[in-house]
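In what follows, a structure is listed as structure tokens, so that the remarks can point back to it.
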Amino acid sequence: MSGELHVRDLGKSYRQWGSEWRRVASWFMPFIAPREEHWVLKNVSFSIGSGEAVGIIGQNGAGKSTLLKLITGTTRPTQGTVQLSGRVAAILELGMGFNPDLTGRQNTYHSAGLMGHSQADIERAMPGIEAFAEIGEYFDQPMRTYSSGMQMRVAFSVATAFKPDLLILDEVLSVGDSYFQHKSFDRIRRFRDDGVSIMLVTHSLGDVRTLCDRVILLDKGRVLKDGLPDEVVDYYNALVAEKENAKLSVEQRREKNGWLLTKSGTGEARVKTLQLLDVASGNEITIAQVGQAVELRLEASIHADIPRLVLGYMIRDKQGHVVWGTNTWHTRQIQENVKCGEVVVFRLPFNCTLGPGSYSVSPALVSSETHLINNYEWIDNLMVFDVINVERDIFIGTNWLDARFSISRQNEGTH
Amino acid sequence: MFGMLIGAWRYRYFILSSIKTELRVKFIRSRLGALWMILNPLAQVVIFAFVLSAVLSTKLPGISNRHAYVIYLMAGILGWSLFLEIVNRCLTLFIDNGNILKKLVFPRIALPLIVTGSASVNNALLFFAILLIFGVLGHVPGTALIWLPPLMVVNVALALGLGLALGVLNVFMRDVGQIVPVVLQFVFWFTPIVYMVDIIPEQYRGWVFLNPLIPIITGYQNALLYNHAPDWAGLGFVALVATGLLAFALVLFRKASPEMVDQL
């Protein structure tokens, strides 16, 4: 059985009845209409195919939780349909129905029962649940003696003990200590590799980039964008800035090399040129060697008087993970009272200790440490360069470490 | 309606384990454990017995045993406590379980079934405790004891119908949760539990049939004290009322379900 999800024209309105008696009467007399309707979700359509991992992102109040409730069926849609196939597991909150006076084992029975599993199934899964939680003796102790992290370990183990066809997750990947976070993330990833369809609702854009094949951006109860992770996530970032800066515009296009360029900003300061230079020769390059001395040079043109100018950089790898980033606010090099017509040149020399691969540079011209206050110009993936390894021994990863093995050999017993 | 039953059947393990859990939790933290479940109604019996029998020295017509009043009280309280527990717990059932209802999909009918199950077990424990006290007092109930199960069934149906309907309304109008306990106090005193039905003045006797609890409670008293069969006509009428109420409550529950989660 394959897990699929089809959402068609889904909408949810909360109704105001004026008085509760009118509401009760409406159950028996359908002609009684509500006084007011407040739509929190409208005309939402999308599908999740078999084996697909889809992320849902959006700001608070965008309708993510409502969408989840509608899909899992805890509340019913006002319009439209939700069609699910396969065994569906929805984890909207961990530790549902846990009782602090019961032991971890008893709570496991109870909680798994609440998910609809039979006694025999739970018994069969029990050793696996106990092993995955890794809380040792505590598993047979009352849950009130647990730390909150231990509770979450048991909760996550129970919730994911049974492999579904479609897994719906709401912000539950970051539970427990970092060891357990890795472990739980790994379990989800293994589910995905086994062909389980996944719908992940999260605020962690990093999780979305790593886990999802597709991302849907919800805004004000509507699907704003549905596409590849980098495209939607960058658009979302630009959108967050837009909330703060009313006259800001967002444009997006995919470059020939596959990187997605997202540009937003109010335009008081603009990037005129951005170059990567070889320090020795002063020539512009697009391919750097591991260890080469290079320099990022950005010229910003100023189109209005601005009190403070800060430049921020982000260097990303092909998967979209930020490899390095900082800004001149953190380095205490804020440019003050920049006048219209000036050109500000920022030079950033560094040793290219990146690993072989393709990297992008995203500059942001802002006024403080975030782009939320004044976003003059923010361009995701404006420039792309490749790093190749010519001189060093072969290594993998996004960082070159100046590390060498030291090896010694001894015969046992003759120290 | 059929779907509800199928859902409940699929979740039978959960329902059973929840009932077990509720009982277990009561045992775990307190030293007397389950004793508390029966001590509360028994304390009520002791109070009434002392105040009314010893202080006010009420006489029971037609009973020779000097402990007759205590037995009479216990029979009434046995029926009343089952009714009360189910109504009270159903009243706040959906509000108490709001978080689970919002976050998990499961047959919601399981919740009242769990309440019914655990209340019935509690009541059975109380019943055995009462039998024990009967023995100590030298009263041996007769064969009319076999009428107790059908009485319990009617009692549960009535309580569940009433409790479920009120519980659904309570989600939307929280005043219901405040009014009902007050009303239940009146119902307690308008039901012949601590007094005899004959004491009611002649001019109000006609109103008595409006209280559906009376045939049930007198049925308990008949079975446990007088060794009589219940008054079938009265009980049949109440069974009809209870069935109607239960059907109404289930329809209300079904109609309200879509909006209930939005209000929790």
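Take A:Ile198 and decide whether it is at pLDDT 85 or above and touching a Cys at 6+ places or on another chain (Cβ under 8 Å).
Yes; evaluated as a whole, the condition is true for this residue.
Only one residue in B:Ala229, B:Ala242 is among the small types (Gly, Ala, Ser), in a helix (DSSP H, G or I) and at negative phi, so which one is that?
B:Ala242
Okay, residues lined up against (1) at pLDDT 90 or above; (2) of a type in the set (A, V, I, L, M, F, W, C):
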residue: A:Gly282; (1), (2): no, no
residue: A:Ala293; (1), (2): yes, yes
residue: A:Leu296; (1), (2): yes, yes
residue: A:Tyr313; (1), (2): yes, no
residue: A:Asp317; (1), (2): no, no
residue: A:Thr326; (1), (2): yes, no
residue: A:Arg347; (1), (2): yes, no
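Considering only segment A:109-125, state which residues are over 22 Å from B:Ile6 (Cβ atoms) and more than 8 Å from chain B (Cβ to nearest Cβ).
A:Ser111, A:Glu123, A:Arg124, A:Ala125
So, of the residues in segment A:92-108 that are part of a helix (DSSP H, G or I) and within 10 Å of chain B (Cβ to nearest Cβ), which turns out to be farthest from A:Thr74 (Cα to Cα)?
A:Gln106
Checking the condition small (Gly, Ala, Ser), out of contact with any Leu (no Cβ under 9 Å at 6 or more places or on another chain) and at positive phi, which residue from B:Gly142, B:Gly138 passes?
B:Gly138
Among the numbered criteria (1) touching a residue at least 12 places away in the same chain (Cβ under 8 Å); (2) more than 14 Å from chain A (Cβ to nearest Cβ); (3) in a helix (DSSP H, G or I); (4) out of contact with any Pro (no Cβ under 7 Å at 6 or more places or on another chain), which single criterion is violated by B:Tyr204?
(1)
Just to verify a result, which residue in segment A:33-64, among those that are out of contact with any Leu (no Cβ under 9 Å at 6 or more places or on another chain) and surrounded by fewer than 14 Cβ atoms within 10 Å (Cβ to Cβ), is farthest from A:Gly221 (Cα to Cα)?
If we take residues in segment A:33-64 being out of contact with any Leu (no Cβ under 9 Å at 6 or more places or on another chain) and surrounded by fewer than 14 Cβ atoms within 10 Å (Cβ to Cβ), then A:Ala33 is farthest from A:Gly221 (Cα to Cα).
If you take the residues of segment A:70-91 that are out of contact with any Leu (no Cβ under 8 Å at 6 or more places or on another chain) and among the β-branched types (Val, Ile, Thr), which of them is farthest from the other protein chains (Cβ to nearest Cβ)?
Of everything passing the filter in segment A:70-91, A:Thr78 is farthest from the other protein chains (Cβ to nearest Cβ).
Residue check: is B:Phe190 crowded, with 16+ Cβ neighbours inside 10 Å, without any contact (Cβ under 8 Å) to a residue 60 or more places away in the chain, closer than 27 Å to B:Gly234 by Cβ and not hydroxyl-bearing (Ser, Thr, Tyr)?
yes
With B:Leu158, B:Leu151, B:Leu137, B:Leu93 as the choices, which residue is away from every other protein chain (no Cβ under 14 Å) and surrounded by fewer than 21 Cβ atoms within 10 Å (Cβ to Cβ)?
After applying the criteria, what remains is B:Leu137.
Would you check if there is a residue in segment B:35-47 being at pLDDT 70 or above, more than 23 Å from the chain's Cα centre (by Cα) and away from chain A (no Cβ under 14 Å)?
Within segment B:35-47, not a single residue is at pLDDT 70 or above, more than 23 Å from the chain's Cα centre (by Cα) and away from chain A (no Cβ under 14 Å).
Looking at B:Phe248, B:Phe237, can you tell me which residue is within 14 Å of chain A (Cβ to nearest Cβ) and either at negative phi or without any contact (Cβ under 8 Å) to a residue 12 or more places away in the chain (or both)?
B:Phe248
Could you list, ordered by first residue, the pairs with Cβ atoms under 6 Å in which the first is in segment A:392-412 and small (Gly, Ala, Ser) and the second is at pLDDT 85 or above and surrounded by 11 or more Cβ atoms within 10 Å (Cβ to Cβ), at least 6 apart or interchain?
Once the first residue is small (Gly, Ala, Ser) and sits in segment A:392-412, its partners that are at pLDDT 85 or above and surrounded by 11 or more Cβ atoms within 10 Å (Cβ to Cβ) give A:Gly397/A:Gly355.
Mind listing just one residue for me: the one in segment A:1-27 that is surrounded by fewer than 15 Cβ atoms within 10 Å (Cβ to Cβ) and of a type in the set (A, V, I, L, M) and, of those, farthest from A:Leu68 (Cα to Cα)?
Out of the qualifying residues, it is A:Ala25.
Among the residues of segment B:116-145, which ones are among the β-branched types (Val, Ile, Thr) and in contact (Cβ under 8 Å) with a residue 40 or more places away in the chain?
Across segment B:116-145, the qualifying residues are B:Thr116, B:Val121, B:Ile130, B:Ile133, B:Thr143.
The conditions are (1) more than 13 Å from chain B (Cβ to nearest Cβ); (2) touching a Ser or Thr at 6+ places or on another chain (Cβ under 8 Å); (3) crowded, with 21+ Cβ neighbours inside 10 Å, and A:Leu67 fails exactly one of them. Which is it?
A:Leu67 satisfies every listed condition except (2).
Given the options B:Leu246, B:Leu213, name the one that is crowded, with 16+ Cβ neighbours inside 10 Å and at pLDDT 90 or above.
After applying the criteria, what remains is B:Leu246.
So, A:Asp278, is that one of a type in the set (D, E, K, R) and surrounded by 14 or more Cβ atoms within 10 Å (Cβ to Cβ) or not?
In short, yes.
Give segment A:335-365 a look and list any residue that's farther than 22 Å from A:Thr273 by Cβ and surrounded by fewer than 18 Cβ atoms within 10 Å (Cβ to Cβ), or say none.
A:Glu336, A:Asn337, A:Asn351, A:Thr353, A:Gly357
The values are calculated or read from the model by the stated rules, or taken from the named source; none is laboratory data. This one's a predicted model, so the numbers in the text were calculated from it and none came from an experiment. Note that each Cβ is placed from the backbone with ideal geometry, even for glycine, and that neighbours are counted across all protein chains shown.
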